[in-house]
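K.L.:
Please see the structure below; I have some questions.
The values are calculated or read from the model by the stated rules, or taken from the named source; none is laboratory data. Given the structure is predicted, the values throughout are model-derived calculations rather than measurements. Neighbour counts are summed over all protein chains in view; Cβ atoms, including those assigned to glycine, are modelled from backbone coordinates with ideal geometry.
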Amino acid sequence: MRARRRESPTRLTRLSAAARRHERARWSHRANAWERWEPVFMHSLSAVNPALIRALDLRPGQRVVDLGCGSGDPALEIAQWVGPRGSVLGIDLSPEMLATAGRRARLLGLKNVRFRRADIARVSHSGARFDRAVSRFSLMFVDDVPRTLERMRGTLKRGGRVAIAVWGPVAANPGTRLRADATRPFEKDPPADPEQTAHPMRLARPGLLPRLMRRAGFVRVRAEAVRVCWVYPSLEDYVRLQIDTSLADLHESLSPANRRRLRERLRRAFRRFESGQVVRYPGQTWVVSGQAP
Ligand SMILES: C[S@@+](CC[C@H](N)C(=O)[O-])C[C@H]1O[C@@H](n2cnc3c(N)ncnc32)[C@H](O)[C@@H]1O
């Protein structure tokens with residue numbers, strides 16, 4: 001059964017309305033933590049924007065849409081690439097994430113970027129089409145991935161390019177597996193199949209996103225593996241960041257004794273990544289690009 005599903009990339013499950021509401025609340029709830037840990041995210045993911053920008057083949061004056069821009073990546077960097085004659089529209093579900101993006105845009109003095117709250121699986125764009133569309137670590141959380149890809153293609157001019165970043169396989173992201181091992185004793189349910197839920201690893205399987213993009217009508221689809229290096233100032237910072245972000249719901253659900261046990265399991269698992277003064281470990285993302293015919 002499992003092998004057959006693996007060969008059928010379009011059978012990603014659509015999320016229910018309740019799951020969509022949960023997703024919106026989750027990102028709004030996390031926005032503060034995402035901003036507090038901005039230095040770690042910005043540094044650790046710094047290899048991804050250059051790969052997206054290279055795949056987009058940007059020119060000054062272009063109009064770009066960033067789907068699921070969160071707190072402003074890569075919208076803010078692209079706004080500087082396309083210059084004052086170009087523009088960027090950043091779209092996200094969470095007003096709290098967009099508020100951070102607005103603060104960053106004002107600090108940078110960017111006048112050519114604006115943000116709008118919408119669901120990227122449902123957004124319909126009636127104005128002029130865009131030259132470029134981009135999405136960084138957001139597509140895996142929408143309720144209907146194939147439909148969202150079709151909408152992305154629909155926002156683009158003929159020949160317009162898209163570039164999408166998603167997480168690569170668990171084998172190339174050791175932090176993901178070690179964290180899952182550390183949390184397993186506290187999980188009430190067996191681990192969810194990442195392809196059937198709003199999960200960071202939903203599009204990690206090699207070849208899956210390129211196939212979905214071709215089915216959505218994109219041509220010249222190419223995938224690039226981009227290495228990243230997670231860096232935390234200390235082991236304690238690693239544990240705090242996890243508990244503030246990915247593990248927030250689980251941590252809140254535990255007794256004080258189990259919270260202590262969880263933190264200790266995380267420390268024990270990630271101690272192997274202490275490197276000089278910091279904690280460092282590798283990761284891998286996919287940057288998949290294509291063109292609207
Ligand atoms: C991991 S964050 C990535 C944010 C940003 N692109 C970055 O790389 O830092 C995922 C973002 O996707 C947004 N998101 C999830 N589902 C969405 C949807 N259906 N429509 C719009 N945004 C969505 C969340 O609100 C969140 O800001």
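K.L.:
In the stretch 26-41, which residue that is among the basic types (K, R) and within 11 Å of the ligand (Cβ to nearest atom) is surrounded by the fewest Cβ atoms within 10 Å (Cβ to Cβ)?
P.N.:
Of the residues in the stretch 26-41, the ones among the basic types (K, R) are 26, 30, 36.
The next check asks that each one be within 11 Å of the ligand (Cβ to nearest atom); those that pass are 26, 30.
On the way: R26: 15, R30: 20.
Step by step, filter the stretch 26-41, then rank; the result is R26.
K.L.:
Of all residues in the stretch 1-17 being exposed (fewer than 13 other Cβ atoms within 10 Å of the Cβ) and within 14 Å of the ligand (Cβ to nearest atom), which is modelled with the highest pLDDT?
P.N.:
For the stretch 1-17, the residue satisfying everything is A17.
K.L.:
Here is a follow-up. Please count how many residues of the stretch 68-88 are of a type in the set (D, E) and either touching a residue at least 60 places away in the same chain (Cβ under 8 Å) or more than 12 Å from the ligand (Cβ to nearest atom) (or both).
P.N.:
Looking only at that region, the number is 1.
K.L.:
Looking only at the stretch 98-120, count every residue that is assigned to a loop (DSSP other than H, G, I, E, B), touching a residue at least 12 places away in the same chain (Cβ under 8 Å) and of a type in the set (G, A, S) and tell me the total. Let's see the steps before the verdict.
P.N.:
Within the stretch 98-120, the subset assigned to a loop (DSSP other than H, G, I, E, B) is 109-112, 118-120.
Still in the running and touching a residue at least 12 places away in the same chain (Cβ under 8 Å): 110-112, 118-120.
Going one step further and asking which of them are of a type in the set (G, A, S), we end up with 118.
Counting residues in the stretch 98-120 that are assigned to a loop (DSSP other than H, G, I, E, B), touching a residue at least 12 places away in the same chain (Cβ under 8 Å) and of a type in the set (G, A, S) gives 1.
Table: residues versus (1) within 12 Å of the ligand (Cβ to nearest atom); (2) touching a residue at least 60 places away in the same chain (Cβ under 8 Å); (3) not polar (S, T, N, Q).
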| residue | (1), (2), (3) |
| --- | --- |
| R122 | yes, no, yes |
| G127 | no, no, yes |
| L139 | yes, yes, yes |
| P146 | no, yes, yes |
| L156 | no, yes, yes |
| G160 | no, yes, yes |
| W167 | yes, yes, yes |
| P190 | no, no, yes |
| H199 | yes, no, yes |
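K.L.:
Go through the stretch 42-67 and give me each residue that's of a type in the set (A, V, I, L, M), farther than 22 Å from L241 by Cα and within 16 Å of the ligand (Cβ to nearest atom).
P.N.:
Going residue by residue through the stretch 42-67, those that are of a type in the set (A, V, I, L, M) are 42, 45, 47-48, 51-53, 55-56, 58, 64-65, 67.
Now narrow it down to the ones that are farther than 22 Å from L241 by Cα: 51-53, 55-56, 58, 64-65, 67.
Matches in the stretch 42-67: A51, L52, I53, A55, L56, V64, V65, L67.
K.L.:
Given the structure, is D131 in a strand (DSSP E or B), in contact with a strand residue (DSSP E or B) (Cβ under 6 Å, 6 or more places away or on another chain) and closer than 29 Å to A25 by Cβ?
P.N.:
The answer is no for D131.
K.L.:
Hey, another quick one. Looking only at the stretch 154-179, which residues are surrounded by 14 or more Cβ atoms within 10 Å (Cβ to Cβ), more than 18 Å from the chain's Cα centre (by Cα) and among the small types (G, A, S)?
P.N.:
The answer is G154, G160.
K.L.:
One residue is enough: does the stretch 177-187 have a residue meeting the conditions within 22 Å of H43 (Cβ to Cβ) and either touching a residue at least 40 places away in the same chain (Cβ under 8 Å) or of a type in the set (F, W, Y) (or both)?
P.N.:
Among the residues of the stretch 177-187, at least one is within 22 Å of H43 (Cβ to Cβ) and either touching a residue at least 40 places away in the same chain (Cβ under 8 Å) or of a type in the set (F, W, Y) (or both), which makes the answer yes.
K.L.:
Can you work out which of the residues in the stretch 201-227 that are under 19 Å from G175 (Cβ atoms) and in contact with a strand residue (DSSP E or B) (Cβ under 7 Å, 6 or more places away or on another chain) is modelled with the lowest pLDDT?
P.N.:
The extreme case among them is M201.
K.L.:
Give the residue that is modelled with the highest pLDDT, with candidates limited to residues of the stretch 63-97 that are polar (S, T, N, Q) and part of a loop (DSSP other than H, G, I, E, B).
P.N.:
Among them, the one singled out is S71.
K.L.:
Given the conditions (1) modelled with pLDDT under 95; (2) loosely packed, with under 14 Cβ neighbours inside 10 Å, and given that A257 satisfies all but one, which numbered condition is not satisfied?
P.N.:
Condition (1) is where A257 drops out.
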